[in-house]
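Following: one structure in structure tokens, then a few remarks.
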């Protein structure tokens, strides 16, 4: 963690990981393997006020309702190698309802407007 701005330099984490080959890397508030939970700071990433963990992590889950408002829901971004594992683990336990998809569409539309940035 940087002493100046208290941020984790994810490039440095990746470099150290390549050199030391750890079994687990913990990053973010709750994490396993190369899994960075950005639920609490996703809005800062979207507004370009905080570096994105997406280029460095294999799996990045986040909540939608904390960042955009609307229905209580979440999303998972995964690199191609992990997509099948993530989707396979979810489909047996999770049914995405039409109201959630509709809410995401409305929320993303609102968030893409210029007025959203001054919210």
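Observations
- For segment 76-103, a tally of residues being surrounded by 14 or more Cβ atoms within 10 Å (Cβ to Cβ) and modelled with pLDDT of 75 or more returns 5.
- Of the residues making up segment 63-73, those that are surrounded by 16 or more Cβ atoms within 10 Å (Cβ to Cβ) and not in a helix (DSSP H, G or I) are 63, 64, 70, 71, 73.
- Evaluation of residue 55 against (1) in a loop (DSSP other than H, G, I, E, B); (2) modelled with pLDDT of 80 or more; (3) buried (at least 16 other Cβ atoms within 10 Å of the Cβ) (one fails), failing number: (3)
- Remark: pairs (first residue in segment 64-77, touching a residue at least 12 places away in the same chain (Cβ under 8 Å) and at positive phi; second residue surrounded by 15 or more Cβ atoms within 10 Å (Cβ to Cβ) and outside any strand (DSSP E or B); Cβ separation under 8 Å; 6+ apart in sequence or on different chains) = 69/107; 70/64; 70/103; 70/104; 70/107.
The values are calculated or read from the model by the stated rules, or taken from the named source; none is laboratory data. Owing to the predicted nature of the structure, the values given are computational and were not obtained by experimental measurement. Reconstructed Cβ throughout: ideal geometry from the backbone, glycine too, with neighbour counts over all protein chains shown.
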